[in-house]
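**Q** This structure is in structure tokens; I'll ask about it shortly.
The values are calculated or read from the model by the stated rules, or taken from the named source; none is laboratory data. These figures come from a predicted structure and were not determined experimentally. Backbone-built Cβ (ideal geometry, glycine too); neighbour counts: all protein chains shown. The protein model used for the area step is the full one, side chains on, heavy atoms only, and it has no ligands, DNA or RNA in it. Shrake-Rupley method; radii C 1.70, N 1.55, O 1.52, S 1.80 Å.
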Amino acid sequence: MISQVKRSATASAVLVVAVVAILGTILALQGWKGRTPGFDSLVDIDGAHEFVQHLRLPEVSSLNSFAAYNPPGGSWLTLPGVLFFNDPRLFGTGSILLYAGTLIGILLLSRVLFGTPCALLAVIIYGVSELGLYVADSLWSRYPIHFFYVWMVYFAVQWVRKKNSWYLAGSLVTMAMGMNVFLEVAPAAFVLPALWWLYRPPLRIKPIVVAGILSAVVWYPYLRLEYGRNFSDLRITLARHHDKSADYKQAWCNPASTLVNLEGAPPSEAPPESPSNVPDAISMKILRHVLPLWERSHLVIEGIFSNFKLAARISGIDVLLGALLAITMSILLLSGISEPIDSIEKRCSLWLPRIGMSLIAASVLWNEFTVARFLSPHGFLQPSTISTIRLLQALLLVSGIVLITWSRKIAAFAQWIVSRMKTSANETASARILLTCLIVPWALLFAFIENSGRLDRLWWLWPLQCIVLAALVTYIPVRLGLPRIIGWVGSIVLIFLLGANSFLLSRVAAWHESGWSGSDPAEVQVVDYVATQIHGNSPTSIGYQIYIWQFMAIFNSSDPRYKVGADFDLLFRDRRGITNSNRCAEGISPVDEFRIVQVKPAWTDFRGKGYFDVPADSRFHFLRQFGMYQVFRRDGALARED
């Protein structure tokens, strides 16, 4: 009977994973004809081509934001698409395998920790969430590491639970492979020492040696290259130091070219200084010591809720889901308390009012006037900063009032939770292992993230956050003896809140309007048209006057593949077999036969974007326009008439 129940549960789990994976794949591939490879994938595609054609191991991936090469893991992930498809728009379909693998990892991990109901819900909410669908949709380096982190944590949990060092080896190799895709997952390396320090699972030499050998094999091509480069890329990345040399223009064909910032001059943080708003010497001393703490605390507050901003577009939903995550983590921690039940209520009754008074005092002192006076260099705050301060004030004030007013009820509630959540030693350890795997890298990321604009560096924690949220409405109600209807209602609400996201809704709407596969975008139409104007597949000089991310030209000094129109060059080469002989970073060459001109930018957010200010050239005459692109041909160039 028991075996039949287990088989039935396994069959249900497999069915749910299959359905979610198919649904996610269909949504990810919707409109695939209308999407072209991004510039960040160009190096990976080149690496995959080199392996297929010449069996040359990929050595590097794209440049990161510090202008240093990433390890070549992205090329290996691109390999399936390059092997099985001829259309560059499908080269990134290896993401589907990672998406399915992440779902399986979430299923196994959450099933070990909190049982089958939690596992099924975790798979569903991750699979339909925006961040989960991103993994199915793209091989951009930040998404594949979901897969590697989930499996690393799974092996780590089994290492502690089963006291088997071979699971540690599996965790080490998985972590090495994930870091070979994107070094941003490096804080995960600190999870394993933390688990060993807390639980003392066994360390055996043989599994660790095997893991070291396999990891060295994975990293050998990149480290061999780095050895010849004096490990410059690793040093730059780990030091988080930008390698944008001041003379990057010397790599351009015309160093005198002007790269115009679309956003214009960056707005000033403050109005012109005047004697009334310049801090005095004492304030400046306070500022130098406290400002970094303020900036980091501001980052932490934003980071706690950041991943939940990609949920349903409902006001305050990120705060609600972040609070639910914190509540769940607190309950799971309370479930492992071993001290007598009565002492828990006494401690809570004693400390909760004191904590509440401290929070109220902090809300009074931490106001926009104090911050502007002591923490702003010019006595001025941006509106967004003021909003954050007021939100923090409200949270502190409300929390303090609640702790003082209902301290006895909260203490009694905590006592009730501990008494009802008493679990076996294995269950308690499993919950705390998961929390360790979530909290340790989360805290490290808060310490190392440069600014609040890079909160996307927290995205790879999303699978574990989904498991914790699923436990809130499946595992915890069962342990507390609550009616089963609570779990069903909670599950439906979570699925709705995370599934009604912009990505899913926009893909469904696009499917309804333009069909599942979509239509060729203007970029593909331009490439196909120009290809009909060229005699044969001989190298042709094609110039581009288009709007770009500015780093595409700036990074040319680090890698010549970064240039204006690099994504067009890929389409010409891999779709039509045409090589662009124009390798100029600024996209324009005096010997161009064709010019592709973008008449207006495609963005509404111009931060980091720009264009080269190129004077009109009377030698070129207009041929045809596709969307926002115009095609010109130089007079006298060999071409085939329409």
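**Q** Heavy atoms only, probe 1.4 angstrom, no DNA, RNA or ligands counted: give me Met329, Met177 ranked by accessible area, highest first.
**A** Descending accessible area places them as Met177, Met329.
**Q** Of the cross-linked pairs Lys33/Lys600; Lys163/Lys409; Lys309/Lys609; Lys162/Lys409, which ones have a Cα-Cα span greater than 29 Å in the structure shown?
**A** Table pairs above 29 Å Cα-Cα are Lys163/Lys409; Lys162/Lys409.
**Q** If each of Asp613 and Leu391 carries a label point 7 Å out from its Cα toward its Cβ, how far apart are those two points in nm?
**A** Simple spin-label model gives 3.8 nm for this pair.
**Q** With every protein chain in place, what's the accessible area of Tyr99 (1.4 Å probe, Å², nearest 10)?
**A** Surface open to solvent at Tyr99 totals about 0 Å².
**Q** Let me ask you something else. Going by accessible area, probe 1.4 Å, with all protein chains left in place, what is the ranking of Thr25, Thr405, Thr540, largest first? Before the final figure, lay out each step's value.
**A** Working: Thr25 30, Thr405 85, Thr540 5 Å².
The ordering from most to least exposed comes out as Thr405, Thr25, Thr540.
**Q** How far apart, in nanometres, would the label points at Arg7 and Phe622 be if each is projected 7 angstrom from Cα along the Cα-to-Cβ direction?
**A** According to this spin-label approximation, the distance is 7.2 nm.
**Q** Here is a further query. Round to the nearest 0.05 the FRET efficiency obtained for Ile495 and Thr579 when R0 = 56 Å and r is the Cβ-Cβ distance.
**A** 0.70
**Q** Quick check on region 427-530: take the gyration tensor over C-alpha atoms, sort the square-rooted eigenvalues as a ≥ b ≥ c, and tell me if it's rounded (a/c under 1.5), prolate or oblate.
**A** oblate
**Q** Below 8 Å, C-alpha to C-alpha, sequence gap of six or more: please give me the relative contact order for region 66-198 in percent.
**A** Working: 155 pairs, mean separation 35.3, N = 133.
Result for region 66-198 is 27 percent.
**Q** Which of rounded, prolate or oblate describes region 543-642 when judged by the alpha-carbon gyration tensor and an a/c cut-off of 1.5?
**A** Prolate shape, in that a/c is at least 1.5 and a/b is the bigger ratio.
**Q** Between Thr93 and residues 5 or more places away or on another chain, which pairs have amide H atoms under 5 Å apart, with H built 1.01 Å from N, and which residues are they?
**A** Placed amide hydrogens put Gly81 under 5 Å from Thr93.
**Q** If you roll a 1.4 Å probe over the heavy atoms of the protein chains, what accessible area per residue do you get for region 565-642, in Å²?
**A** Numbers: 4030 Å² over 78 residues.
Accessible surface, normalised per residue, equals 52 Å².
**Q** Next question. Can you tell me how region 1-154 classifies by the Cα gyration tensor, rounded, prolate or oblate, using a/c under 1.5 as the rounded cut?
**A** Verdict is prolate for region 1-154.
**Q** Considering only protein heavy atoms and a probe of 1.4 Å, how much of the accessible area of region 512-616 is carbon and sulfur, as a whole percent?
**A** 52 percent
**Q** Using a 1.4 angstrom probe and counting only protein chains, how large is the accessible area of Glu184 in Å², to 10?
**A** Spelled out: Glu184, probe radius 1.4 Å, area about 20 Å².
**Q** On the protein heavy atoms, probe 1.4 angstrom, tell me the percent of accessible surface of region 115-182 carried by carbon and sulfur.
**A** Carbon and sulfur together cover 67 percent of it.
**Q** Let me ask something else about it. Accessible area per residue for region 1-92 in Å², computed with a 1.4 Å probe and the full protein assembly in place, what is it?
**A** 46 Å²
**Q** Moving on. Please report the spacing between the Cα centers of region 515-573 and region 168-187 in Å, no decimals.
**A** Rounded to whole Å, the Cα centres lie 34 Å apart.
**Q** How much accessible area does Tyr248 have with a 1.4 Å probe, in Å² rounded to the nearest 10?
**A** Answer for Tyr248: close to 50 Å² accessible.
**Q** Let me ask something additional. Under 5 Å between amide hydrogens, which residues at least 5 positions from Phe612 or on another chain qualify, with H placed 1.01 Å from N in the peptide plane?
**A** Result for Phe612 returns Val260, Ile546.
**Q** Now for a different question. Calculate what fraction, in whole %, of the accessible area of region 1-67 sits on carbon and sulfur atoms when a 1.4 Å probe is rolled over the protein chains.
**A** Working: 2270 of 3360 Å².
The C+S portion of the solvent-accessible surface of region 1-67 is 68 percent.
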